[in-house]
Amino acid sequence: EGESAAAAADADRNDEEEEDAWTFDPERGNVVFASALHGWGFTVPALARSLCKNGVMPFKPPLLRRYLFGDFRYNPDTGKILKWKRGGGGVPAFAEFALRPLWEVYEGVAEAAAAVGLT
């Protein structure tokens, strides 16, 4: 009976490990945000390293990547990461530090193309 309980525990552990391996989680870096058409891509850990390296946020990448994707926002006045609430002001950290810069690049390219008659 002890052997069957140990075998069952091993099987459960293997199932959990397999499930973890197939679970997508931006914080773990197994999700890539990308555009094949425009030739760019990044993971949340890569974004965290970049924000830290460039002094945008004063947190080490392992800590920062926990808060970049989810309902958190950065308050530059206090230097703290806070829980983000809809209607509470500000935008989530991912929108501010990943999506907004992308939107600004795309918007700038579109304006430049229009200015030279490419649209």
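The values are calculated or read from the model by the stated rules, or taken from the named source; none is laboratory data. The shown structure was predicted, so the numbers you read here are calculated from the model rather than taken from an experiment. In this analysis, Cβ positions are derived from the backbone assuming ideal geometry, glycine residues included, and neighbour counts consider all displayed protein chains. Accessible surface is based on the protein model in full, side chains and every heavy atom, while ligands, DNA and RNA are left aside. Shrake-Rupley method; radii C 1.70, N 1.55, O 1.52, S 1.80 Å.
Treating only the Cβ atoms of Lys and Arg (+1) and Asp and Glu (-1) as charged, compute the dipole magnitude of the chain about its Cα centre; round to the nearest 20 debye.
1140 debye
Any idea what Rg and Dmax come out to for the range 3-105 if you just take the C-alpha atoms, in Å?
Taking only Cα atoms of the range 3-105, I get Rg and Dmax of 17.9, 61 Å.
D for the range 11-61, whole µm²/s, Stokes-Einstein with Kirkwood Rh over alpha-carbon pairs at 4 °C and 1.567 mPa s: what number?
Taking Rh from Cα pairs, D becomes 100 µm²/s.
Using a 10 Å cut-off on Cβ atoms, rank the peptides 59-71, 99-111 from the highest mean neighbour count down. Working shown, then result.
Numbers: 59-71: 17.6, 99-111: 11.5.
Answer by packing, highest mean first, reads 59-71, 99-111.
Hey, which lysines would be in cross-link range of Lys60, C-alpha to C-alpha under 17 Å, not counting anything within fewer than 8 residues on its own chain?
Lys60 reaches Lys80.
So, with a 1.4 angstrom probe, what is the percent of accessible area on the chain that is carbon and sulfur? Mind dumping the intermediate values first?
On the way: 4820 of 8620 Å².
Whole-percent figure for carbon plus sulfur exposure: 56.
Ordered by residue, what ³J(HN,Hα) values in Hz, to whole numbers, does the range 77-91 give under the Karplus form 6.51 cos²θ - 1.76 cosθ + 1.60, where θ = phi - 60° and Gly and Pro are x?
My calculation for the range 77-91 gives 5, 9, x, 10, 9, 10, 5, 8, 10, 4, x, x, x, x, 10 Hz in order.
Placing unit charges on C-beta atoms (Lys and Arg positive, Asp and Glu negative, everything else neutral), compute the dipole magnitude of the range 1-68 about its Cα centre in debye, rounded to 20.
The calculation lands at about 1140 debye.
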